[in-house]
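The values are calculated or read from the model by the stated rules, or taken from the named source; none is laboratory data. Predicted model, so just to flag it, every value in this text is computed and none were measured. Ideal geometry is used to build each Cβ from the backbone, glycine not excepted, and the neighbour counts take in all protein chains shown.
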Amino acid sequence: MCGHVYNCYFTLFPCCVLYCLVKGKVTFTLEGHHHLLFLFHLNKTETPGLMQLTEHGMKLDVYPQKTGEQILQIFAKREDSEGVYDWILDYKVICKSVDTNMKIPKCLMNPVGPSWLSEKAGLFQPSHQDPVIYTEDGCCTVSFALKGKLSIFATLDSSEIQMTSDMKHRHIFQTQRENDVEFKVRLPTSGTYVLCVNVKDPNGDTYTSQCKYVIFCTNHTVHWPQFPLVYGTWAKHYELLGPLDGILPENSNISFKLRVPDVTEVSVRGGKSSFPLSLTPQGYWEGMCSTGGNQELNVTVSFKDNPNVYNYIMQYEVGKKKQIK
């Protein structure tokens, strides 16, 4: 059954009653002639699926959570419309099996993955075209080429564990250069997560989610600590090579390596101790420091115009790593 069609024709697949025969999954595609935004509902209220926008349509993978006959509804509106979504069509889904391994996070808001929508926001050449990322070791790196000067940040969320505000931000480490941005992700534990890339509206102060990825990790040995805490003085083009763990072991010698341009000194400070780092010909600040007798270590920098002032840019805790249960 079809409804509003925006004065254009859609190519639909499949075009008949659907049978979920492949591990409880059915794929639906729609192609038209304009940029459109879409919504979908299964049984009026459920959204157990992953929807990715295509150039003039969308691809939708639906994972019904129960067997039997169900109704899938598709809604759409034009890209530039501020109005409500119009009903497009209904599909009858006959589900004979449920994929119990595929659970869509409740915190996920479709669409997912890179698309014309993320390109419109200035995000190009994504490292991952597929909206789903599988990681065995709980780590992944997502990057984009940038068009224009963008203010951007990412968050990590999950419906399976309680994610504090600190966890949502500090399990991601961002490095932004003039023409690209990179997000290192290390998961606190196994499970399913949503990585959300947010871009500031050039005409306002609000940030809008422009690209989301779903990250799956089934390795129960994964327990990554948070990245170190960065202060407001940490510039977005600074680069941290190590250590990446925000919690350092007690009574240990730790190797530091950072790229911090346009400064005259970089030091690691703990209590009354100070460990200056050396600038290599390759442009990295490197050196060793001891965590002995310290509960925290801070990385400081000095600038040429004020060499006696130490600016705190990053903090590490010293102690035992905390595991998420």
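Looking at (1) more than 24 Å from Gly232 (Cβ to Cβ); (2) touching a helix residue (DSSP H, G or I) at 6+ places or on another chain (Cβ under 8 Å), which is the one condition that is false for Cys140?
(2)
Got at least one residue in region 206-214 being in a loop (DSSP other than H, G, I, E, B), surrounded by fewer than 20 Cβ atoms within 10 Å (Cβ to Cβ) and not β-branched (Val, Ile, Thr)?
no
Considering only region 74-124, how many residues are of a type in the set (A, V, I, L, M), touching a Pro at 6+ places or on another chain (Cβ under 7 Å) and farther than 30 Å from Leu146 by Cα?
Matching residues across region 74-124 total 2.
Return yes or no: is Val197 out of contact with any Phe, Trp or Tyr (no Cβ under 9 Å at 6 or more places or on another chain), farther than 19 Å from Leu297 by Cα and at pLDDT 95 or above?
So Val197 fails the test.
If only one of Glu182, Glu160, Glu136, Glu178 is in a strand (DSSP E or B), in contact with a strand residue (DSSP E or B) (Cβ under 9 Å, 6 or more places away or on another chain) and of a type in the set (Asp, Glu), which one is it? Spell out the reasoning first.
Working: Glu160 fails: in a strand (DSSP E or B); Glu136 fails: in a strand (DSSP E or B); Glu178 fails: in a strand (DSSP E or B).
When all the criteria are applied, what remains is Glu182.
Looking at region 252-259, can you tell me whether even one residue there is outside any strand (DSSP E or B) and more than 23 Å from Leu123 (Cα to Cα)?
Going residue by residue through region 252-259, those that are outside any strand (DSSP E or B) are 252.
In the following step, the residues that additionally are more than 23 Å from Leu123 (Cα to Cα) were identified as 252.
For region 252-259, residues outside any strand (DSSP E or B) and more than 23 Å from Leu123 (Cα to Cα): present.
Based on this model, can you work out whether Asp245 counts as farther than 30 Å from Thr189 by Cβ and either out of contact with any His (no Cβ under 6 Å at 6 or more places or on another chain) or not assigned by TED's automatic domain parsing to the domain that holds His171 (or both)? Can you show your working first?
Values: farther than 30 Å from Thr189 by Cβ: no; either out of contact with any His (no Cβ under 6 Å at 6 or more places or on another chain) or not assigned by TED's automatic domain parsing to the domain that holds His171 (or both): yes.
No: the conditions fail for Asp245.
For Gly242, only one of the following conditions fails: (1) under 30 Å from Asp305 (Cα atoms); (2) of a type in the set (Gly, Ala, Ser); (3) free of Cβ contacts under 8 Å to residues at least 12 places away in the same chain. What is its number?
Result: Gly242 fails condition (3) only.
For region 41-80, give me each residue that is without any contact (Cβ under 8 Å) to a residue 24 or more places away in the chain and either in a loop (DSSP other than H, G, I, E, B) or in contact with a Cys (Cβ under 7 Å, 6 or more places away or on another chain) (or both).
Selection gives Thr45, Asp80.
Could you list all residues from region 267-283 that are in contact (Cβ under 8 Å) with a residue 12 or more places away in the chain and in a loop (DSSP other than H, G, I, E, B)?
If the condition is that a residue be in contact (Cβ under 8 Å) with a residue 12 or more places away in the chain and in a loop (DSSP other than H, G, I, E, B), then Gly271, Leu277, Gly283 are the ones that fit.
Conditions tested, residue by residue: (1) modelled with pLDDT of 95 or more; (2) over 17 Å from Phe227 (Cβ atoms); (3) crowded, with 18+ Cβ neighbours inside 10 Å.
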| site | (1), (2), (3) |
| --- | --- |
| Ser273 | no, yes, no |
| Met288 | yes, yes, no |
| Val301 | yes, yes, yes |
| Lys322 | no, no, no |
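Mind listing whichever residues of region 303-320 are more than 17 Å from Gly246 (Cβ to Cβ) and surrounded by fewer than 14 Cβ atoms within 10 Å (Cβ to Cβ)?
Residues satisfying the conditions are Phe303, Lys304, Asp305, Asn306, Pro307, Asn308, Val309.
Could you tell me whether Lys168 is out of contact with any strand residue (DSSP E or B) (no Cβ under 6 Å at 6 or more places or on another chain) and either free of Cβ contacts under 8 Å to residues at least 60 places away in the same chain or part of a loop (DSSP other than H, G, I, E, B) (or both)? Walk me through it before giving the result.
Values: out of contact with any strand residue (DSSP E or B) (no Cβ under 6 Å at 6 or more places or on another chain): no; either free of Cβ contacts under 8 Å to residues at least 60 places away in the same chain or part of a loop (DSSP other than H, G, I, E, B) (or both): yes.
So Lys168 fails the test.
Would you be able to say whether some residue in region 88-108 is part of a strand (DSSP E or B) and either among the charged types (D, E, K, R) or at pLDDT 90 or above (or both)? Explain how you work it out, then say what you get.
Step one: filter region 88-108 for residues part of a strand (DSSP E or B), giving 88-95.
With the extra rule that they be either among the charged types (D, E, K, R) or at pLDDT 90 or above (or both), the set shrinks to 90, 92.
Yes, region 88-108 has at least one match.
Just to be sure, is Gly148 among the small types (Gly, Ala, Ser), closer than 28 Å to Thr54 by Cβ and at pLDDT below 95?
When the stated conditions are applied, Gly148 passes them.
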